[in-house]
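Worksheet for the structure shown next.
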Amino acid sequence: SALGRMFYQGGPVHQNTLFFLHRLDGIIKGGIEIIDGLYLGGDLDTLGAEAEAAKADQPLLRFYLGCAGWDNGQLESEIGCGAWILAPSDPDLIFANTPEATWRETLYALGGKYRPISVLPEDPAVN
């Protein structure tokens, strides 16, 4: 469909809970805008035929089972230790590709020491 509904593994926490990201402000009511043009959750009962009628060039909605979670201060500590690569958020990139392609394109766009990582094969055995 025009919505490009897709389901993904969101993370190891709350594996029986469905989360979703969308770009359907005004169609899905009650979502929380987490960055410009990207919303978390909302009332799916408000989705209806209006969304199906929206002719989109790219997906507008993605579902995730589970999420990732951290204790207080844990994520900040991990970022401080260099365990995470930080990049600007881009809703267009989030919805344009598979998660693997999004990861690769984000690393490539960061350039520098991250660009070579972006072209490594998923399976190091085939390198």
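A short reminder: the numbers here are calculations on the coordinates, not readings from a lab. Source: prediction; values computed, not measured. Here Cβ is always computed from backbone atoms with ideal geometry, including for glycine, and neighbour counts include all displayed protein chains.
Just a few scattered comments:
- Degrees separating the helix 99-110 axis from the principal Cα axis of the chain, which is the longest one: 60
- Scoring 109-118, 61-70, 79-88 by mean Cβ neighbours within 10 Å over their residues and listing the highest first yields 61-70, 109-118, 79-88.
- Potential extension, residue 14-residue 126 segment - 0.36 nm per residue separation minus Cα distance: 36.9 nm
- Normalised by residue count, the range 71-117 yields a Cα convex hull volume of 99 Å³ per residue.
- Translational diffusion coefficient (Stokes-Einstein; Kirkwood radius from C-alpha pairs) of the chain at 10 °C, 1.306 mPa s, in µm²/s: 96
- Computed magnitude of the charge dipole of the chain (debye, nearest 20; Cβ of K, R +1, Cβ of D, E -1): 240
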